[in-house]
Amino acid sequence: MDAPPPDPDRYLWRLTSGLYDTFIDKLKSTGKTFLGAIDPGRDLYPVFGEDNKFITWYSTATHREAKVLVFGQIGTSASGSLMSAKGNHKPRLNMDFTGIDDDSKPRMMPILTCPKSASSAVRKAYRSQLVAADEILETNEAVNGTSGVKVIEWLHNPGKDGSKKDIACTLPAIYATKPPRFAGTTTRRNRRTDNSDSEGENGDGDGNEAEDIYVGALLDPNLLPDYGGPYFHHQHAKLVQRDIRDENNKLIPAWKIYEGLAHGTLVVLECTLHCWMFNPAVKTYQLSAHSVRVIDGSDEAPDIPSIHELSGARVQNSQSGPSTALDSFNIGIKRDREQSSPGSPQAVPVSPLTEISSSTPSSKSGSDGAAGVKNKRKKQKKDLLEKSTEGGKSMDIS
């Protein structure tokens, strides 16, 4: 479908262009894979993990871990989205804090809200997700609930009627010391980008060349604009390239995640459902997102976090496979290229195992590959290095 003249309001354009209608048709075609179409009492059942410390929901149809599709519009940091280099990590107050190290597993947590200017069908589908998620939680609490335990729900932010209206999703760990187990399924041939003039393309980089951007790739964490300072003490851990793709089914580079998943972006996530009970006093319900697909980007200015400071904690020096459920989302409606946000992420193709076509165009290709981004940030890191000392000894943040 050819793109109509874009509406100045991108949210209204989604309605007038027919994007919402096409999206709902695709969502319906996924059947019980969509969270809102699930009957929790019939389609899912809980399975306890080791020592009853966690629960994972399984599908009654496959008797395997259930994978569900969840959609929404990414909310702002004010709504609870935690999109930063430290993710959901919080230092414990009044305790020695060695920072985020190789053993830490911080994760980014986007909050999904009901899409703006949505059609009645989109609002109904979004609401059906809330009902299903709430029913799963309430059913489990009725059977396995324990008095005196704090329950952290996967639905956040009460609306005017008192019911929770936003969906909290958790992305995979930001850092790792070794590639994810599925990373080997990608060949070097389909790792290449369409940005052939990026720095490092001829092997003159430090392992973060453009051609090395693929699902599971391990990258220099300094590529994230807010990485560095006394909060981070990695020795071997690297930034992991996750399966997060733009409207053209091309990987959003890990260092461009803030632009690629800016608030206002319409997304679909493939998630598994869990309840964590490792802390006897806390029970956490979690929608763990394994893959993300952008249906339509955002014209909103991305929230780029600043270098993280420590407060309320004593700092101690430390010495220390691709989704298929989303393949049907070939919306085929593109917003005019000239109306696209200049801050949209550069597209990077990956494995042909997924073939999601775009609903909006990608930004113009550039030469700001991984090595180029790192060079631009050297001065900022150097200035920070001079300031981040503990006991007269400089902390290594290079």
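The values are calculated or read from the model by the stated rules, or taken from the named source; none is laboratory data. For clarity, every value in this text was computed on a predicted model and none was experimentally measured. Here the Cβ positions follow ideal geometry from the backbone for every residue, glycine too, while neighbour counts run over all protein chains shown. Please note that ligands, DNA and RNA were not included when accessible areas were found on the heavy atoms of the full protein model with its side chains. Shrake-Rupley method; radii C 1.70, N 1.55, O 1.52, S 1.80 Å.
Data for the structure
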item: Single condition ILE100 does not satisfy, out of (1) modelled with pLDDT under 95; (2) open to solvent by less than 10 Å² (accessible area, probe 1.4 Å); (3) more than 21 Å from the chain's Cα centre (by Cα); result: (3)
item: Yes/no for SER29 being more than 23 Å from HIS156 (Cα to Cα), crowded, with 22+ Cβ neighbours inside 10 Å and of a type in the set (S, T, N, Q); result: no
item: Residue in the range 73-90 that is modelled with the lowest pLDDT, counting only those that are open to solvent by 20 Å² or more (accessible area, probe 1.4 Å) and among the aliphatic types (A, V, I, L, M); result: ALA78
item: Checklist (1) in a helix (DSSP H, G or I); (2) within 25 Å of the chain's Cα centre (by Cα) applied to LYS105, failing item; result: (1)
item: Matching residues, the range 209-236, being under 23 Å from ARG181 (Cα atoms) and at pLDDT below 90; result: GLU209, ALA210, GLU211, ASP212, ILE213
item: Condition check for GLU270: modelled with pLDDT of 95 or more and either open to solvent by less than 30 Å² (accessible area, probe 1.4 Å) or more than 17 Å from the chain's Cα centre (by Cα) (or both); result: yes
item: Subset of the range 37-58 that is of a type in the set (Phe, Trp, Tyr) and more than 14 Å from VAL143 (Cα to Cα) - its residue that is least open to solvent (accessible area, probe 1.4 Å); result: TRP57
item: Matching option when the condition is open to solvent by 50 Å² or more (accessible area, probe 1.4 Å), farther than 27 Å from ARG42 by Cβ and modelled with pLDDT of 90 or more, among THR139, THR185, THR177; result: THR177
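To keep it simple, each residue is scored yes or no on (1) modelled with pLDDT of 95 or more; (2) in contact with a His (Cβ under 9 Å, 6 or more places away or on another chain); (3) surrounded by 15 or more Cβ atoms within 10 Å (Cβ to Cβ); (4) at positive phi.
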| residue | (1), (2), (3), (4) |
| --- | --- |
| ILE111 | yes, yes, yes, no |
| ALA118 | yes, no, yes, no |
| ALA132 | yes, no, yes, no |
| GLY145 | no, no, no, no |
| VAL151 | no, no, no, no |
| GLY159 | no, no, no, no |
| ALA168 | yes, yes, yes, no |
